Amino acid sequence: MSPNTVDNGTLIPFSGETNNDSLAIYPLHHTLTRPVSRLAISWSRGNSLRVSLFAEPSQTSDAGDGAKVIEVKLGGGDPEIDDADWRRIAYGSVAPFALLQSRRSAISNMSKSPSTYQLDWWEHVLQYSKEITSLLAGPKLGPSPIIDDPNEIVKKNEEPTCLKAAWELMEIFYVDKQSQAWLPERLVDWLADYDSLFTSTQETIHGKLVDFQNDLVNIQVIEDDPRYWEVMSSALSVGWLDIVVKMLRLHGSYQLDQLSNRELENGLVEAVAVLISKMPRLRPESAAGNLGECFKSKPDFIKAWEKWRSQITKLDCSPFWIQCDNQQTRVGLRNLLQVMLGNTESLCTASCYWVELYISHFLYIRPFMIGVESMYNLAQKCIQLKPPTGTHRLTGLLIGILGENTEVVLAEISREFGPWMVAHAVELLTAGSEQAEILLYDERYNLGGISMVELHRLAYAQVLSSHALTWQIAPIYLTSCMKQGMGLLENLLYRQSVQHNNMLLKNIEICRLYELDHISSNIMKVAGVYHWKHGRKGAGVFWLQQSQDTNCLDRIAQQLFDSVGKSISDESFKQWEGLIELLGSESKPAGGLEFLHKYRDFKKSLQMVYSGKSTDAARQAVGSLILLMKNPSTPQRFWLPLLFDSLKLLNWKDSPLLSVSETNLLLNKLQEFSLARQRPHFTEPNLPPQALSSIRLALATNLGRAILDE
Amino acid sequence: MAKELLSLDNGTTCSSWNYSSTRLATGSTDATFQIFDFKDPPSSSSNSLRSSFKSKVHEGNIVKIVWFPPEYGDAVACVSADGIVSLLEEIVEDSQPLQWKVRKTLGSSASKVLDVQFGISSTRLKMVAAYSDGHMRVFELLDPLELTNWQLQAEFQNVIESVSSFGKALCLSASITLNPQKGGSQESCFLVGFNSNTPELNSSKVWEFDQAHQRWLPVAELSLPEDKGDQVYAVAWAPNIGRPYEIIAVATHKGIGIWQLGLNPDHNGRLPVDRVAVLSGHEGAVWQMEWDMSGMTLATTGNDGMVRLWQSNLNGVWHQQAAFEPTS
C-alpha cells in the first residue's frame, strides 16, 4: 500500500461499539513546504471528502504552492480486492439483489401466513447466495494439466479470497437448510478451500504442505524425512484424504525394485491407505473422485463408522507392526491411526491452529455433532487448547456466528469486509432466524426511524455514489429503503452536474423511473438557467419549458416585450424572433405571447417595406398593424410605439393605405391613450417628444385622403 | 484512498466547491478570485482540474466564498476580510465571451458582512447576511434571471426579545446555516450564531418566516441556559432524508453540540430542542463543519489542524469515527 493511501478497510461506518481509545488517526499526505495554516472541507457525492490545505502566505514571490486540494474516499471496503474487481462485484450483485427484493415483496403481498413464507424463503435466499458466490470467485489459475504430476500434492483452481470465504461461511450457517444435517462436513470442505487464507496470520497445514511440496524434489528417501509423516498426519487431521493417500503412495516401499524386500512394510502402508480411503462420511456425496464413503442417513453412517473404527483398532493391535523393521514407517503409520481413532493429543499436534483442531474434532471425535450451541462450546475448547497467536478476520466472524450473536456478526463483517458485504449479507442473516429478522428490521428512533437493514443499504449506496462509474446503481439500493432511500436519492440526483448533456438525460431518466417529478423539474430548471446564462438562449428556453418554470419564462417573455418598439439590428431581431418561436404559443403565462407573435408578423412586413418599398408589402404591414391594434391582448403601453413605427405607412405616398374606418379605429385608440396618460403611475414610452403629434397629423392626413378616395 | 487533485497559488486562503463538486472557486489574500473546472465528464479516469477564470474582485483579502443554489446559475458570493461581499456570476452578455462579472456588493467598513448564505423558499431566492453590528438582513431576489435586483425583506438582531437592541455590538464572526430542504414551496428557516462581545446575540437561534405576519420569528434557541452567552464558532444544519427530527451541529469553545430539533411547534410556536451530544476533540476554535449528503456523518476542522469525522452509532451515541492529520 502506498503511503498516500488510507487503509480503507478499517475505516468503517456504523460499528456497534464506541471506543475512543481506538480512534483511528490517518495521515493526510501533502507536499506543501510551509506549515498548514488553515483547512477547508467539502463533501462531494457519497463518501468522498475534499480537503483544501492552505499554507501560510509567503512574501517571497517564488514561494511555491500556496495550497493543495486532496480528495479522500472513505470506507471503501476490502483492500484484498482491487477497484476494478470491486466494480465488477458491485455491478454483478445488482441483479440478484433486485430479484430477491422483488420476490420478497411478491411473497409478502401474496400470502399473509408467515409459515409458508419461512418455508420457501430460504430457497430464494440460497439461490441469491449462490449467484453472489459465483461473483466472488477469484481469478482462475489456468487449466489443470492433462497429465497428473505425481509429485503435485496441493492443487489450486482459483485464488481464494476472504470475502468469498466469509460469504460461504454465512451461507453454510444461515441459509442452506438442506445441509444443516451435515453442517460439520460442510465446514470441513470450507476449511479445505480456505485454509490457505489463514497463512497470513499463522502457520497452517496448507502452508506446511506447500513448503513440503517445494522441497520434494530435493528429498531422496521420502519416508526417512520426519516432515513427510508430520505433514501427512496434519492433512489427515483435517480430512484431506486424497492428499494423504497420494502422499502415502509416494512411500519408498512402492518402488518396484524395493517391493520384494519391503513387502510387509508396503502391506502396512497400503492397509492404512485403504482405511483412509474407506473413511465413512455423513454427507450426501463428495466431489467427484474424492475418497471416503458417503452416507446420507445417520443409522447407516453409524454402522459404517463403528465397523471402520473396529478395523482401525484391529490394525493398530496387529502383530505385523513388530515385524516391520522401518521405524520411521512404523511410527508414522501408527500416528496416522491415532489421528483416525480421534486421539486428542495426536490431533492437537497435527493441527496448526484452533480452527484446524476444531475441524478435526468433527471428523474423528464428534462426527454426530448437532446444534450451534455445542459447536460454540467445542470452539471455545479448541481455542483453549490452541490459543490464537493473532486474530484473523475469518475467525472473528466464525466465533460471532457460533456465538449466535447477530450484532457481533454484523459488526465483524462491517468492520472487516465493508459496506458491500453488510448490505448484501443482511439477507443471509435474516434468512437464518426470525430473531435476526426482528433485530434487523426493527425501526429505531436513534437511527432516525430506520432499521439496521436500511441503514446499511444507505451506507452502501453512499459508497456507490462516491464513484462516477457506480453512482448509477445506487438508486436500486436506495429504492429498496422504505424510509430514507428516496430522500438520499433526491440529494444524489440533485448533486449531479447538468453541464454534460448525456449525463443530464440520464439523470432525468432516473427521475422518470422513480417518479421523482419535482427533482427532474428542478434539474431541468438548473439546466435551463445554466444554458441561458451561458448564452445558449435556445437550450435555456427549452429546458425551462421542460421544467415548466413559469417564473423564469415570464421573465424571458418580459425581456422580449422590452424590445418592442425599439429599433433593433437584424441580428438581434433574428434571435428575438427565434426565442418567440421557441416560447411557442402554448406557454400560457406569458399572456402577451399572442401579441408577440402578431408583433413579429408586423415587424417582418415592416422590414420588407423598408427594404423594398412595395405597396403590397405595405398593405400587408397595415393589415398586421390593424390586427395588433384591434387585439385586446396588445398592451396599451405599446400602442404609441406601434403607431410611431408605422409612421411611414400612415404617410404612404402613392395612396392612403388605411380605410376611413381603420383610420377612425386608430384615432380612437390614440384618444384612449391620451386619456390613460392622465392617470397616475403611467409610464411614458421612450419616444421622441413630438411622436404623438406627428402620429396624430399623419392619421388626420390619411383620414382626409381616405375620405376623398372613398 | 487519498488523491491530490490540485495545487493552488501562494496566498490562497479559501476554497469552495459548487453543488455538483465539479467546479472549485478559490480566493486569496490579494483579492484574486479563481475558478477551476474538471476538464472532462466525471466518468473519465484522467480527469484533471483546469483554471477557467482568474481575476481580481474588489479589494482586500477574500476569506470566504459561498455558491448560489444552481437554480440561479453559476454564481458566488465572495466575502472579504473588510466585510464587503461581492456577488459574481458567470454569464454571456452583449456578445461578449463568457466571464465572471460582479453583480452587486454589500456591506461597508462600518457595517461589515461576516457571513452570507442562500436559500430558496416559495420559489424565491433569499440571501441571509450577518453583519458585524449584530444585525441580520434578509434579501430577496426580484428577478430570477437578474442577480442585480435585490430587495431587503427584513432586518433584525439575533435576539429572542425583540424589544432589546444592542447598538454597540461588536461581532468578530458569525455563522449562518439554512435548512437544506429541497422543494421550494416551504418557507425556509435558518440558524445563526455570533462570536461577539454581546452575550445575548451569541447563542444560535432558529429563525422562521411567519407568512401571516410577514416577519421572521425565532422558533428555537440551541443553547442550554448556562451556555447562552457562549461565542459560536460554526453552525451546520444536516440534510434530512427522512428523519422525524432535524439535526444541527453548533460549535462553541465547549465543544460541538449535536442538537435534535423537533418538527412540530408547541403552543408558543417554539420547536422542541434536545442536545444529544457534546463532542470534544478540536482543541480551541472550530473553523468549519460540513454534513455529508445523507446527514449522517459530520466532518469538522479546527484550530488543531485536524479533520475529524463524527457519527452516531446504532445506539444513538455520537462519537468520533476517524481523524485526519495533514503530514508533509
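The range A:602-681 holds helices (runs of 4 or more DSSP H) entirely within its bounds, and those carrying 2 or more residues that are polar (S, T, N, Q) and either in contact with a helix residue (DSSP H, G or I) (Cβ under 8 Å, 6 or more places away or on another chain) or at positive phi (or both) map to A:615-630, A:660-678. State yes or no: is residue A:404 without any contact (Cβ under 8 Å) to a residue 60 or more places away in the chain, under 22 Å from residue A:358 (Cα atoms) and buried (at least 21 other Cβ atoms within 10 Å of the Cβ)? Criteria not met by residue A:404. In the set (1) in contact with an Asp or Glu (Cβ under 7 Å, 6 or more places away or on another chain); (2) of a type outside the set (Gly, Ala, Ser); (3) within 14 Å of chain B (Cβ to nearest Cβ); (4) open to solvent by less than 40 Å² (accessible area, probe 1.4 Å), residue A:79 fails one condition alone, (4).
Applying the condition of being modelled with pLDDT of 85 or more, more than 15 Å from residue A:480 (Cα to Cα) and polar (S, T, N, Q) to the range A:87-133 and asking which residue is least open to solvent (accessible area, probe 1.4 Å) yields A:129.
Do we have residue A:397 as in the same structural domain as residue A:292 (by the TED database), hydrophobic (A, V, I, L, M, F, W, C), modelled with pLDDT of 90 or more and part of a helix (DSSP H, G or I) here? In short, no. Within the range A:460-474, being within 8 Å of another protein chain (Cβ to nearest Cβ), surrounded by fewer than 24 Cβ atoms within 10 Å (Cβ to Cβ) and in contact with a helix residue (DSSP H, G or I) (Cβ under 8 Å, 6 or more places away or on another chain) holds for one residue alone: A:469.
Here residue B:298 clears all of (1) within 7 Å of chain A (Cβ to nearest Cβ); (2) under 18 Å from the mean Cα position of the chain (by Cα) except the condition numbered (1). Mind telling me which of the residues B:261, B:271, B:224 ends up being modelled with pLDDT of 90 or more and either among the acidic types (Asp, Glu) or open to solvent by less than 10 Å² (accessible area, probe 1.4 Å) (or both)? Being modelled with pLDDT of 90 or more and either among the acidic types (Asp, Glu) or open to solvent by less than 10 Å² (accessible area, probe 1.4 Å) (or both) holds for just one of B:261, B:271, B:224, which is B:261. Scanning the range B:301-328 for residues that are more than 7 Å from chain A (Cβ to nearest Cβ), open to solvent by less than 10 Å² (accessible area, probe 1.4 Å) and more than 18 Å from the chain's Cα centre (by Cα) yields B:309, B:310.
Taken together, the residues in the range A:463-496 that are among the charged types (D, E, K, R) and under 21 Å from residue A:422 (Cα atoms) amount to 1. Of the residues contained in the range A:136-153, one or more are found to be touching a Lys or Arg at 6+ places or on another chain (Cβ under 7 Å), in a loop (DSSP other than H, G, I, E, B), surrounded by fewer than 14 Cβ atoms within 10 Å (Cβ to Cβ) and modelled with pLDDT of 70 or more. Residue count for the range B:72-101, restricted to those that are open to solvent by 10 Å² or more (accessible area, probe 1.4 Å) and within 27 Å of residue A:540 (Cα to Cα): 13. Does residue A:179 count as under 30 Å from residue A:121 (Cα atoms) and part of a helix (DSSP H, G or I)? Criteria met by residue A:179.
Checking the range A:478-495 against the condition returns a match, with at least one residue being small (Gly, Ala, Ser) and more than 10 Å from chain B (Cβ to nearest Cβ).
Considering (1) among the polar types (S, T, N, Q); (2) within 14 Å of chain A (Cβ to nearest Cβ); (3) farther than 18 Å from residue B:19 by Cα; (4) in contact with a strand residue (DSSP E or B) (Cβ under 9 Å, 6 or more places away or on another chain), the lone condition that residue B:121 does not fulfil carries the number (3). For the range B:272-322, residues that are touching a strand residue (DSSP E or B) at 6+ places or on another chain (Cβ under 8 Å) and over 26 Å from residue A:495 (Cα atoms) total 26.
For the range B:200-217, a residue qualifies if it is without any contact (Cβ under 8 Å) to a residue 60 or more places away in the chain and part of a strand (DSSP E or B), and the qualifying residues are B:205, B:208, B:210, B:217. Within the range A:374-387, identify whether any single residue is touching a helix residue (DSSP H, G or I) at 6+ places or on another chain (Cβ under 9 Å), small (Gly, Ala, Ser), at negative phi and open to solvent by 10 Å² or more (accessible area, probe 1.4 Å), and answer yes or no. No, the conditions are met nowhere in the range A:374-387.
Of all the numbered requirements in (1) under 23 Å from residue A:193 (Cα atoms); (2) in a helix (DSSP H, G or I), residue A:368 misses one, and that requirement is (2).
Count of the range A:306-349 residues, restricted to those that are open to solvent by less than 20 Å² (accessible area, probe 1.4 Å), within 50 Å of the chain's Cα centre (by Cα) and under 27 Å from residue A:181 (Cα atoms), is 4. All of (1) touching a residue at least 12 places away in the same chain (Cβ under 8 Å); (2) more than 42 Å from the chain's Cα centre (by Cα) hold for residue A:210 with one exception: (2).
Selection over the range A:437-456 of residues that are surrounded by 21 or more Cβ atoms within 10 Å (Cβ to Cβ) and in a helix (DSSP H, G or I) gives a count of 6.
Looking at the range A:524-553, which of the residues that are open to solvent by 40 Å² or more (accessible area, probe 1.4 Å) and over 15 Å from residue A:498 (Cβ atoms) is nearest to the other protein chains (Cβ to nearest Cβ)? In this case the residue turns out to be A:551.
Applying the condition of being more than 7 Å from chain B (Cβ to nearest Cβ) and crowded, with 18+ Cβ neighbours inside 10 Å to the range A:48-72 and asking which residue is farthest from residue B:32 (Cα to Cα) yields A:48. Of all the listed residues (B:93, B:71, B:89), the sole one being within 24 Å of residue A:534 (Cα to Cα) and touching a helix residue (DSSP H, G or I) at 6+ places or on another chain (Cβ under 6 Å) is B:71. Going by the structure shown, is residue A:270 without any contact (Cβ under 8 Å) to a residue 24 or more places away in the chain and part of a loop (DSSP other than H, G, I, E, B)? In short, no. Residues that are more than 10 Å from residue A:174 (Cβ to Cβ), in contact with a Ser or Thr (Cβ under 7 Å, 6 or more places away or on another chain) and in contact (Cβ under 8 Å) with a residue 40 or more places away in the chain within the range A:418-436 comprise just one, A:424. The set of residues in the range A:457-516 being part of a helix (DSSP H, G or I) and of a type in the set (S, T, N, Q) consists of A:462, A:465, A:472, A:491, A:501, A:502, A:507.
The values are calculated or read from the model by the stated rules, or taken from the named source; none is laboratory data. Bear in mind the structure is a predicted one, so any value in this text is a computation, not a measurement. Note that we place each Cβ from the backbone using ideal geometry, even for glycine, and neighbour counts take in every protein chain shown. Note: accessible area is taken over every heavy atom of the protein model, side chains too, but ligands, DNA and RNA are not part of it. Shrake-Rupley method; radii C 1.70, N 1.55, O 1.52, S 1.80 Å.
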